[in-house]
Amino acid sequence: MLLVFSIPVFATEPTDDIVDIAVGNPDFSILVSALQKAELVETLQGEGPFTVFAPTNDAFAKLLEALDITAEELLAQPDLAKVLTYHVVAGKVMSGDLTDGLEADTVNGGKVKFDLSGDPKVNDANITTVDIEATNGVIHVIDTVLVPENFTLQEVDMEETEAPETGIPASFPFLLTAIGTAGAAMLVYKKKEA
């Protein structure tokens, strides 16, 4: 048994790019929708390398609550790409490369700052998982969406045709009404039978 545990484990080469990894993880479904809406998918499938600080769905939920908007309103923001590119640093920065107080330039043009004095943080976000390697860079998971200084929340006109895909069809409210009407009709019909 001791021999089994003493055999070194070699890290395998990554086979998926950053976008493939995000698409394959249900915790990143809002991030993936945002990347699609901001037309950044192709960019993050490029050669890179890129370092991405990836907010989870829970991180987006916190932001939506703080801004008092829906996911659809967030995805319709004209400056959405500014927010997303603020989560990307050019080059492959592994957790071992980070130092306390380090500042890094983002693709957005702004800077993010690392605090390693306690639990590792980038700006105000906790870094919860590190070093998810991709063929074109690395992903670090964070629990808070990073909002750059040059982002301004804007009023957006939410027409049905412009609403981004969120997994709920646009006809959903009408479907509920139809089901409710059909249910009421069935109830009346059953009472008449009785």
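For residue 127, the residues whose amide H sits under 5 Å from its own are 121, 122, ignoring neighbours fewer than 5 places away on the same chain, with H placed 1.01 Å from N. Rounded to whole numbers, the Karplus 3J(HN,Hα) couplings from phi for region 116-124 are 10, 6, x, 5, x, 9, 10, 6, 9 Hz, using 6.51 cos²θ - 1.76 cosθ + 1.60 with θ = phi - 60°, and x at Gly and Pro. What would the Debye equation give as log₁₀ I(q)/I(0) for region 2-167 at q = 0.08, 0.14, 0.17 Å⁻¹, counting only Cα atoms as equal point scatterers? Scattering profile of region 2-167, log10 relative to I(0): -0.25, -0.73, -1.04.
Here the Karplus relation 6.51 cos²θ - 1.76 cosθ + 1.60, evaluated at θ = phi - 60°, turns the backbone of region 33-45 into coupling constants of 4, 5, 4, 5, 5, 8, 6, 10, 4, 4, 4, 7, 9 Hz, with x for every Gly and Pro.
Over all other residues within a Cβ to Cβ distance under 11 Å of residue 48, the charged ones net out to -1, with Lys and Arg as +1 and Asp and Glu as -1. If you bin all the Cα-Cα distances of region 24-86 at 10 Å, starting from zero, the percentages per bin are 21, 58, 20, 2.
None of the figures in this text is laboratory data; all of them are computed from the coordinates on show. Predicted model, so just to flag it, every value in this text is computed and none were measured. Please note: Cβ atoms are built from the backbone with ideal geometry, for glycine as well, and neighbour counts cover all protein chains shown.
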